[in-house]
Amino acid sequence: MTDDLRSFDVLPGAGHSPVILHVPHSAREIPPSVRADIVLGDDELARELDHITDAHTAQIAEAAAGAAGVVPWRFVNRLSRLVVDPERFPDEREEMRAVGMGAVYTRTTHGAVLRSGNVEAGPLVQRYFLPYARAMTQAVADRLAATGRAVIIDVHSYPRARLPYELHGEGPRPPVCLGTDSFHTSPGLLDAARQAFGDVGETGLDSPFKGAYVPLEFYGTDPRVEALMVEIRRDTYMTEPGGPAGPGLGRLAAALARVVDAVSG
């Protein structure tokens, strides 16, 4: 493993597709220079990656793209969220800083020290977070220019049992949680997701995770950008934590493809 690891991929879809499947947390790769500042031993780090990684979500998005009538674009993070978390605010606006999980994590899912206090977040933000944010902003701008709209569907997963780091994990944990934003999640997008995923299990709204990712340039100001977070409970498609995928993956990918088709026109 070298520090030349590709940070992310923008995988083209149909020119007339407004949809971007965003997969921010599926990877386990950590560049050596970043690994050097993580205090966990190798076995401890492997266990942490099992808990924190949205395993197989890139595979779900890939299969959904292949099954969709109009091929969506895909934006896939190729590095672990333990490098940087591209969906956090990089400043004091981020509530997850309270548990050591801002843009650069200092604590694990169970509250243990991940990085020592003398590790500076700034260089990691400069090297990994900001280029990712710029590229995602450009991907959305490209869809707006090509189609007049953009639909970001965030593909995540979460564990069956609440982990200690979860700030709002006391509520329901349905097979599929749909995270929404009051400005960017349209009724049509939400209805399409409810209908599609209803075929594979119960869907819930904003519990245990809420919100939807939109690049800051468009956030709260551009109604042409729609967004929805799809949080899939891991036991519906894989062995927890960090185990192999099972037959549920195909059913979920087919459901995600139906969402894509419903909002591509």
| task | Quick one: among F75, F218, F197, which has the greatest mean-square fluctuation in a GNM of the chain with alpha-carbon springs under 10 angstrom? | result | F218
| field | Two-decimal Rg to Rh for the range 135-265 - Kirkwood Rh, Cα set | value | 0.98
| Of all accessible heavy-atom area on the chain, the percent that carbon and sulfur account for (1.4 Å) | 52 percent
| query | What is the Rg over Rh value, at two decimals, for the chain, using alpha-carbon atoms and the Kirkwood definition of Rh? | reply | 0.94
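Take every DSSP beta bridge with both residues inside the range 91-232 and express the antiparallel ones as a percent of the total, to the nearest 5.
Restricted to the range 91-232, the bridges split so that about 35 percent are antiparallel.
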| message | Given a 10 angstrom Cα cut-off, can you work out which residue in R47, R233, R115 is the most mobile in a GNM of the chain? | response | R47
| said: I need to check one value: relative contact order of the range 133-221, counting alpha carbon pairs closer than 8 Å and at least 6 residues apart, in percent. | reply: 35 percent
| message | Output wanted: per-residue J couplings in Hz (rounded whole) for the range 229-242, from phi through Karplus 6.51 cos²θ - 1.76 cosθ + 1.60, θ = phi - 60°, x for Gly and Pro. | response | 9, 10, 9, 9, 5, 5, 5, 7, 9, 8, 8, 8, x, x
| Average accessible area per residue (Å²) across the chain - probe 1.4 Å, nucleic acids and ligands excluded | 42 Å²
| request: Taking the Cβ of A65 as the centre, find all other residues whose Cβ is under 13 Å away and add up their charges (Lys, Arg: +1; Asp, Glu: -1). | output: -1
| field | Antiparallel DSSP beta bridges within the chain, as percent of all bridges there, nearest 5 | value | 40 percent
| field | For the range 139-201 versus the range 19-42, the gap between their alpha-carbon centres in whole angstrom | value | 22 Å
| said: Starting from 0.36 nm per residue, how many nanometres of slack lie between A146 and D37 once their C-alpha separation is accounted for? | reply: 35.0 nm
| message | Can you tell me the orientation of helix 187-198 relative to the chain, as the angle in degrees between its alpha-carbon axis and the longest Cα principal axis, to the nearest 10? | response | 80 degrees
| Please state the equivalent ellipsoid semi-axes for the range 55-156: what are the square roots of 5 times the Cα gyration tensor eigenvalues, largest first, in whole Å? | 30, 17, 11
| task | Identify which of V225, V125, V214 has the largest mean-square fluctuation in a Gaussian network model of the chain, with springs joining Cα atoms closer than 10 Å. | result | V125
| field | Structure-based [θ]222 nm, the chain - -39500 (n - 2.57) summed over DSSP H runs of at least 4, per residue, nearest 500 | value | -8500 deg cm²/dmol
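The values are calculated or read from the model by the stated rules, or taken from the named source; none is laboratory data. All values derive from a computational prediction rather than experimental measurement. Every residue, glycine among them, receives a Cβ derived from its backbone with ideal geometry; neighbour counts consider all protein chains shown. Heavy atoms of the whole protein, side chains included, go into the accessibility calculation; ligands, DNA and RNA do not. Shrake-Rupley method; radii C 1.70, N 1.55, O 1.52, S 1.80 Å.
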